[in-house]
Each structure stands twice: as structure tokens, then as C-alpha cells.
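A.B. asks: Have a look at the structure that comes next, please.
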Amino acid sequence: QVQLVESGGGLVQPGESLRLSCAASGSIFSSSTMGWYRQVPGKERELVAAITSAGRTNYADTVKGRFTISRDNAKSTVHLQMNSLKPEDTAVYYCNQYFSYANFWGQGTQVTVSS
């Protein structure tokens, strides 16, 4: 059974950085596509960044050049380095694991960017 546990959220000022981490259980991590999504109240959950099992990455246009997704298969973890944060990055960030047409989600971690 897959369990995803996010960490690293918090309150930062505009222009600062945060690093989110997601620790996964189970044996399928290295074969999975891992992603970070975010959601604000009243809006749909949106993809922020994803990384395939081969290491190919994909980013939302709004975060390109500021966010970096990476994975460590030996530790079954995925990270999201967020630099130059903006107030519009404020959201609950969710870790996602996709494998064989199945999606797994973490509980979410709040990121608030405010002065």
C-alpha cells in the first residue's frame, strides 16, 4: 500500500525559498511518475511539476525557472525546491504518485507567501 507524507511547508515572505519533500512507502516508487500539485479554495487542483521514472520533468508555466522537482529513488523521496516565491504561490501542495493508471495522494502541506 502506498503512503505519501509531505513536509516542508510554511509561511515565507515574497522572494524567499522553500523546499518541499515527500516520502513514499511501497515498492513501486522508482517505476512511478511523481508530481506536485497545488490547490487554493474554490479552484481546481493544478499540476505544478512532475518527474517521470526516467527523470524527465514537466513544469507549469507559472513556475518555470523558479521551481525544481527532483527525486531520490534510493530514499523513495521527491522534492520541490521553490525559489523566488510569490503571493500567488500560496496554496496547499500535494504530492502525487502515478503508477499503472492509479493515483495516490499525500495529505497536503500549506505554503503561504505573504509579507
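A.B. asks: Kirkwood hydrodynamic radius, region 8-75, all distinct C-alpha pairs: what's the number in Å? It would help to have the intermediate numbers written out before the result.
C.D. replies: Values: mean 1/r = 0.0737 Å⁻¹.
One decimal place: 13.6 Å for the Kirkwood radius.
A.B. asks: If you project the alpha carbons of region 60-115 onto their three principal axes, what span does each projection cover, largest first, in Å?
C.D. replies: Cα spread of region 60-115 along its principal axes, largest to smallest: 40, 22, 21 Å.
A.B. asks: Region 1-89: which trypsin sites (Lys or Arg not before Pro) are DSSP loop and have at most 16 other beta-carbon atoms within 10 angstrom? Write down the numbers at each step before the final one.
C.D. replies: Values: sites: ARG19, ARG38, LYS43, ARG45, ARG56, LYS64, ARG66, ARG71, LYS75; in loops: LYS43, ARG45, ARG56, LYS64, ARG66, LYS75.
Sites meeting the loop and neighbour criteria: LYS43, ARG45, ARG56, LYS64, ARG66, LYS75.
A.B. asks: Do you know the relative contact order of the chain, to the nearest whole percent, from alpha carbon pairs under 8 angstrom that are 6+ apart? Show your work: numbers first, answer last.
C.D. replies: Values: 276 pairs, mean separation 42.0, N = 115.
Contact order relative to length: 37 percent.
A.B. asks: Could you do me a favour and compute the accessible area per residue for the chain, 1.4 Å probe, result in Å²?
C.D. replies: Details: 6150 Å² over 115 residues.
Ligands and nucleic acids excluded, the result is 54 Å² per residue.
A.B. asks: Turning to a different aspect of this structure: Each residue of region 70-76 in order: what ³J(HN,Hα) in whole Hz does its phi give by Karplus 6.51 cos²θ - 1.76 cosθ + 1.60, θ = phi - 60°, with x for Gly and Pro?
C.D. replies: 8, 9, 10, 5, 5, 9, 6
A.B. asks: Give the residue from SER76, VAL111, ASN58 lying farthest towards the positive end of the charge dipole for region 46-115; charges sit on Cβ (+1 for Lys and Arg, -1 for Asp and Glu) and the dipole is referred to the Cα centre.
C.D. replies: Result: SER76, furthest along the dipole toward the positive end.
A.B. asks: Between GLY10 and residues 5 or more places away or on another chain, which pairs have amide H atoms under 5 Å apart, with H built 1.01 Å from N, and which residues are they?
C.D. replies: So GLY10 has HN proximity to VAL111, THR112.
A.B. asks: Follow-up question, since we're still on this one. Karplus couplings for region 87-104 from phi (6.51 cos²θ - 1.76 cosθ + 1.60, θ = phi - 60°), rounded to Hz, Gly and Pro as x?
C.D. replies: Along region 87-104, the couplings run x, 6, 7, 4, 4, 8, 9, 10, 8, 10, 10, 10, 8, 6, 6, 10, 10, 10 Hz.
A.B. asks: Also: Once each part is reduced to its C-alpha centroid, what is the distance from region 1-46 to region 53-115 in angstrom?
C.D. replies: If we compute the Cα centre of each part, the gap is 5 Å.
A.B. asks: Let me spell out the model: positive unit charges on the Cβ of Lys and Arg, negative unit charges on the Cβ of Asp and Glu, origin at the Cα centre of the chain. What dipole size does that give, in debye rounded to 20? Spell out each step's value before the answer.
C.D. replies: Values: 10 positive and 8 negative charges, 35 e Å.
The dipole of the chain has a size of about 180 debye.
The values are calculated or read from the model by the stated rules, or taken from the named source; none is laboratory data. Quick caveat, the model's predicted, so the values are computed rather than measured. Here the Cβ is made from the backbone with ideal geometry for all residues, glycine too, and neighbour counts use every protein chain on show. Please note that ligands, DNA and RNA were not included when accessible areas were found on the heavy atoms of the full protein model with its side chains. Shrake-Rupley method; radii C 1.70, N 1.55, O 1.52, S 1.80 Å.
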